[in-house]
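The next block holds one structure in the form of structure tokens; read it before the comments.
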Amino acid sequence: MRRLALFLLEAWLVAGAAVGASAQGFPSEDPALDAPSRIGDILAVDNSLSVSYELTRFDYGEPSNDCIFVGACPSTAKYLDLETGYRRGGKAALSYMGSLLGAGGDWYARASYRFIQGAAAYSGYGLPEPLPPAGLSSSLVSATSDDSVYDLSLRLGKGFSAGESWMFTPYVLGGYHHWLRKLDAGTSSSFDQIFSNGYIGGGEMVQVAALDRLVLTADASAAAQFRSSLAAEPSASYQALGYASRYIFDMEGGPLVDAGAEI
């Protein structure tokens, strides 16, 4: 009886050692059980501070259904003004994914700040001479526009892992956009325009850890604008002609759609 008990104890120890060895990395009969989880690589990306440099091509136009230029209608007749050029700047972002206020789970939060600036070629209307009934000059002008733009953005969402390498994160977002356009800066005919708006919406971020320490991210969002406005600030020489120092115009903001990919 004693030999039988010792034999059973020895067999149990051997079986336990075999199970432990398999758990420590020896292959099992089911390959799916041995597949490494790369969710940790995704979490590392989503818990980070990033700084980036940007070079941006900028094309802006204000559509118009009327041909109100003097003389023959130019190719830009369908626009009140056009602006094109390049802007340079940078972006800083801080992101977090993990427990939020003790709620547990893969909660996602991200804050970002973006600033870009540059010169662009502007064609459109000058300021009225002075204040005609239509509120616009009938002459087309060309000028240089010195632009500076900054954006603040906040996101809050929840990550859901799928399998060993995928993470799906729906989120809500909100932010503020500010664009300062300085036309003919430094000249007597200069004037500033400040476009600003808030926005709120939602999006989806999809991430896959394709290889060890290689995470691919696709992101798409849509938002609605609110409190959109244009502030025009004529120079002192224009104010001497009877212009006010500042004009505020409410604007109807359209939808904002954004999509991108990162490695």
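In table form, for the structure just shown:
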{"item": "Evaluation of L216 against (1) in contact with a helix residue (DSSP H, G or I) (Cβ under 8 Å, 6 or more places away or on another chain); (2) at pLDDT 95 or above (one fails), failing number", "result": "(1)"}
{"item": "Qualifying positions in segment 231-247 - at pLDDT below 85 and in contact with a strand residue (DSSP E or B) (Cβ under 7 Å, 6 or more places away or on another chain)", "result": "A232, E233, P234, S235, Y238, Y243, S245, R246, Y247"}
{"item": "Yes/no for T76 being more than 18 Å from D151 (Cβ to Cβ), assigned to a loop (DSSP other than H, G, I, E, B) and modelled with pLDDT of 50 or more", "result": "yes"}
{"item": "Segments classed as strands (runs of 3 or more DSSP E), wholly inside segment 171-263, with at least 1 members that are within 17 Å of the chain's Cα centre (by Cα) and surrounded by fewer than 17 Cβ atoms within 10 Å (Cβ to Cβ)", "result": "191-211, 214-234, 255-262"}
{"item": "Any pair with Cβ under 6 angstrom, 6 or more apart, that starts in segment 179-191 at a residue that is of a type in the set (V, I, T) and ends at one that is crowded, with 17+ Cβ neighbours inside 10 Å and at pLDDT 80 or above", "result": "none"}
{"item": "Yes/no for G61 being assigned to a strand (DSSP E or B), at pLDDT below 85 and surrounded by 13 or more Cβ atoms within 10 Å (Cβ to Cβ)", "result": "yes"}
{"item": "Condition check for R155: touching a strand residue (DSSP E or B) at 6+ places or on another chain (Cβ under 6 Å), at pLDDT 95 or above and of a type in the set (K, R)", "result": "yes"}
{"item": "Matching option when the condition is under 23 Å from S52 (Cα atoms) and touching a Lys or Arg at 6+ places or on another chain (Cβ under 8 Å), among A218, A232, A209", "result": "A209"}
{"item": "Qualifying residue in segment 28-44 (condition: part of a strand (DSSP E or B), β-branched (V, I, T) and modelled with pLDDT of 90 or more)", "result": "no"}
{"item": "Residues satisfying the stated conditions in segment 150-164, i.e. small (G, A, S) and either buried (at least 20 other Cβ atoms within 10 Å of the Cβ) or closer than 21 Å to G89 by Cβ (or both)", "result": "S153, G157, G159"}
{"item": "Residues of segment 159-170 that turn out to be touching a residue at least 40 places away in the same chain (Cβ under 8 Å), in contact with a Phe, Trp or Tyr (Cβ under 6 Å, 6 or more places away or on another chain) and outside any loop (DSSP other than H, G, I, E, B), as a count", "result": "2"}
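The values are calculated or read from the model by the stated rules, or taken from the named source; none is laboratory data. Predicted model, so just to flag it, every value in this text is computed and none were measured. All Cβ positions, even for glycine, are placed from backbone atoms using ideal geometry, and neighbour counts span all protein chains on display.
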